[in-house]
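Asker: Got a structure here, written out as structure tokens. Questions coming.
The values are calculated or read from the model by the stated rules, or taken from the named source; none is laboratory data. Computed from a predicted model, the values in this text were never measured in an experiment. Here Cβ is always computed from backbone atoms with ideal geometry, including for glycine, and neighbour counts include all displayed protein chains.
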Amino acid sequence: MKFEYQLTVDDLVEASRLYQQHRGRLARGVSLLLPVLLVLAIQWQMDSFQRLWNSDHAYMLVLPLALAPLAAWLLNAKPYLRFVWKRQFQKSGLGDPIGANVSEQGLEFAGRHGSGLLKWSGVSRWLESPGIFSLYTQSSLFYVLPKRSMQPDQIESLRVLLLEKVGPLGRPLRPSYEPATG
């Protein structure tokens with residue numbers, strides 16, 4: 001099955017949001033708490049933690065905890081993601097036309113900057129949204145395939161092939177690395 005596509009900033013924003021939605025709760029919680037713990041560790045190291053807690057400025061200890069959810073929401077908000085991907089788009093050839101061929105062996109890509117084969121054994125999991133497929137080769141490294149460039153029967157064929165070769169939607173069937181044999 002062959003098709004050609006051009007990525008847009010909106011495709012990449014959708015892929016980023018899809019990635020954020022499917023990250024584990026633990027990973028999201030850790031990413032929220034890391035800045036808070038860093039602030040507290042710095043204050044503790046500076047020996048000001050105890051004095052601050054007993055002062056009228058104790059709100060400075062609680063403020064990072066209160067702002068963490070807001071920061072996480074802002075980092076996943078569409079305007080911020082659009083800004084980040086638009087800058088990346090302007091610096092690279094992400095918007096160049098790409099030819100793709102889906103086969104039993106994997107996904108072949110060919111574009112202005114080169115070509116390659118992504119074997120199904122190299123795809124650890126996949127996610128789907130109304131507009132894209134995201135094929136993950138590592139936990140946060142993925143290929144984006146926009147559905148608008150495919151016919152409805154091609155979309156269904158790709159979905160069936162992904163189920164067969166990679167596993168259920170969003171769930172890794174195997175690790176994204178080959179264990180050493182020896």
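Asker: Can you tell me which residue within the range 125-162, out of those that are hydroxyl-bearing (Ser, Thr, Tyr) and within 17 Å of Leu7 (Cα to Cα), is surrounded by the fewest Cβ atoms within 10 Å (Cβ to Cβ)?
Answerer: Ser129
Asker: Turning to a different aspect of this structure: Would you pick out the residues in the range 111-124 that are assigned to a strand (DSSP E or B) and either free of Cβ contacts under 8 Å to residues at least 12 places away in the same chain or surrounded by 15 or more Cβ atoms within 10 Å (Cβ to Cβ) (or both)?
Answerer: Of everything in the range 111-124, those that are assigned to a strand (DSSP E or B) and either free of Cβ contacts under 8 Å to residues at least 12 places away in the same chain or surrounded by 15 or more Cβ atoms within 10 Å (Cβ to Cβ) (or both) turn out to be Gly111, Gly114, Ser115, Gly116, Leu118.
Asker: Further question on the same structure: Please state which of the following conditions Val144 fails to meet, knowing it meets all the rest: (1) of a type in the set (Val, Ile, Thr); (2) under 18 Å from Asp96 (Cα atoms); (3) not in a strand (DSSP E or B).
Answerer: The failed condition is (3).
Asker: Which residue pairs have Cβ atoms under 8 Å apart, sit 6 or more places apart or on different chains, and have a first residue in the range 73-97 that is closer than 28 Å to Ser115 by Cα and modelled with pLDDT of 70 or more and a second that is aromatic (Phe, Trp, Tyr) and in a helix (DSSP H, G or I)?
Answerer: From the range 73-97, the pairs are Gly95/Phe89.
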